[in-house]
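Worksheet: one structure, shown below.
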Amino acid sequence: MGAQLRVYKRRIKSVSATKKITKAMEMIAASRIVKAQRQVAASSPYASELTRAVTAVATGSNTKHALTTEVENPVRAAVLLVTSDRGLAGGYSSNAIKAADQLTDRLKAEGKDVVTYIVGRKGVAYYGFRERPVVESWTGFTDSPTYADAKKVAGPLIEAVQQDTAEGGVDELHIVFTEFVSMMTQSPVEKRLLPLSLEATAEESEAVKDKILPLFDFEPSDEGVLDALLPRYVESRIYNALLQAAASEHAARRRAMKSATDNAEELIKSLSRLANAARQAEITQEISEIVGGASALADATAGSDK
């Protein structure tokens, strides 16, 4: 076997091993997407109903609560960025980071200081490499988050909103995550969690336009109800965002691994053609050498017979 043919066969073996790995990762990601989709579907109604309940309490109350009242001149905003712990997911984390950077630039243009909280090792590594300050970070659960993880993330954020800005608190809370649209589409989005927006949709406004709005009585007080409901609201919203991000991560990884597997197959075909061509060239050369040697031997034999 010639040196060139050995090189091609070695490369084919290496690419084939890589193909097995990417194919296995593609299948694992595909199986995890189904579970993540079910969790998103299960958490969304709770988050929506809790938001509606909090909105109803806030609109039915005359109390100015810290978590629902717009600050006239906000000076500091918190941004929670959700990325992944692992790579091999295409542009999943980089797209979320880009969206967070755009949000940060916009908030700074409005005259607000921005403090950053990060979920996921990719975001932590990105900010750490660029020496950007991060208030707090969480890792180790991005591919399979639980409600306990959401509570762990929400705690410091709620405390920051409740604190005065002079003591390190914030006036606004934003979250940047990747929304799961479909198996082929995952879009990075940014949403403001706090203060809670009390704007009704056009459809809802039209529905209640000619109706008598209910009056609410709060026990023990409207402020006490808001104190109890709003942390649950933040936790549920962050939990839903983490689940959306997990589903998006698995879908992005599946797509990236499928692309890698397809590329490996094409490379194997290309290397196989080159290996066959090299083998044919070796065979042709061997035949030529045999024919040339036989011809020389025949000429030498004929010369000795004379």
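The values are calculated or read from the model by the stated rules, or taken from the named source; none is laboratory data. Because the structure is a prediction, the values reported are computed rather than measured. So basically every Cβ, Gly included, is an ideal-geometry build from the backbone, and we count neighbours across all protein chains shown. Ligands, DNA and RNA are excluded from the accessible area calculation, which covers all protein heavy atoms including side chains. Shrake-Rupley method; radii C 1.70, N 1.55, O 1.52, S 1.80 Å.
Nothing charged except the Cβ atoms of Lys and Arg (+1) and of Asp and Glu (-1): what's the magnitude of the dipole of the chain about its Cα centre? Round to the nearest 20 debye.
Result for the chain is approximately 2060 debye, rounded to the nearest 20.
Determine the gain in length on full extension of the stretch Val134-Gln162; use 0.36 nm per residue of separation and subtract their C-alpha separation, reporting nm with one decimal.
8.1 nm
Provide the per-residue ³J(HN,Hα) series for region 43-50, in order, calculated from phi with Karplus coefficients 6.51, -1.76, 1.60 and θ = phi - 60°, each as a whole number of Hz, with x at glycine and proline positions.
My calculation for region 43-50 gives 8, 4, x, 5, 5, 5, 5, 5 Hz in order.
Over 28 Å between C-alpha atoms is what I'm after, so list which of Lys35/Lys151; Lys35/Lys112; Lys152/Lys258; Lys122/Lys269 land there.
As for pairs spanning more than 28 Å Cα to Cα, those are Lys35/Lys112; Lys152/Lys258; Lys122/Lys269.
Sort Asp113, Asp222 by heavy-atom solvent-accessible area, probe 1.4 angstrom, most to least.
Of Asp113, Asp222, the descending order of accessible area is Asp113, Asp222.
Ranking request for peptides 101-111, 183-193: highest mean number of other beta-carbon atoms within 10 Å first, then the rest in descending order.
Per-residue Cβ counts within 10 Å, averaged per peptide and sorted highest first, yield 183-193, 101-111.
What is the calculated FRET efficiency for Val71 to Thr185, with r their C-beta to C-beta distance and R₀ = 41 Å, to the nearest 0.05?
FRET efficiency, Val71 to Thr185: 0.70.
What number results when the radius of gyration of region 136-185, computed over Cα atoms, is divided by 2.2 N^0.38 Å?
1.46
How large a share of the accessible area of region 1-137, in percent, is made up of carbon and sulfur atoms when the probe is 1.4 Å and the other protein chains stay in place?
Ligands and nucleic acids excluded, carbon and sulfur give 54 percent.
What is the mean projected area of the alpha carbon convex hull for region 88-138, to one decimal in square nanometres?
It is 3.6 nm².
Measure nothing but the geometry: give the 0 to 90° angle between the long axis through the Cα atoms of 222-305 and the longest principal axis through the Cα atoms of the chain, rounded to 10°.
For helix 222-305, the angle is close to 10 degrees.
Can you give me the accessible area per residue for the chain, using a 1.4 Å probe, in Å²?
That works out to 57 Å² for each residue.
If I fit a long axis through the Cα atoms of helix 147-162 and take the longest principal axis of the Cα atoms of the chain, what angle between them do I get, 0 to 90°, rounded to 10?
Result, in degrees: 50.
To the nearest 10 degrees, how steep is helix 92-109 against the longest Cα principal axis of the chain, on a 0 to 90 scale?
Tilt relative to the chain: about 40 degrees.
Could you work out the pair-distance distribution P(r) of region 61-201 from its alpha-carbon pairs, with 5 angstrom bin width and percents rounded to whole numbers?
Final binned percentages: 2, 9, 18, 22, 21, 14, 9, 4, 1, 0, 0.
Compute, for Arg10, the solvent-accessible surface of its heavy atoms (probe 1.4 Å) with the complete set of protein chains present, and express it in square angstrom to the nearest 10.
Arg10 has an accessible surface of roughly 150 Å² with all protein chains in place.
Once every DSSP H run of n ≥ 4 in the chain is given -39500 (n - 2.57) and the sum is divided by its residues, what mean residue ellipticity at 222 nm do you get, rounded to the nearest 500 deg cm²/dmol?
-22500 deg cm²/dmol
Need one number: % antiparallel among DSSP beta bridges in region 127-203, to the nearest 5.
The antiparallel proportion sits near 100 percent.
If you bin every alpha carbon distance in region 222-306 into 10 Å steps from zero, what whole percent lands in each bin?
The distribution over region 222-306 is 13, 15, 12, 12, 11, 9, 8, 7, 5, 4, 3, 1, 0, given as percents.
Mind ranking 226-239, 266-279 by how tightly packed they are, going by the mean number of other C-beta atoms within 10 angstrom, highest first?
Top of the packing list down: 226-239, 266-279.
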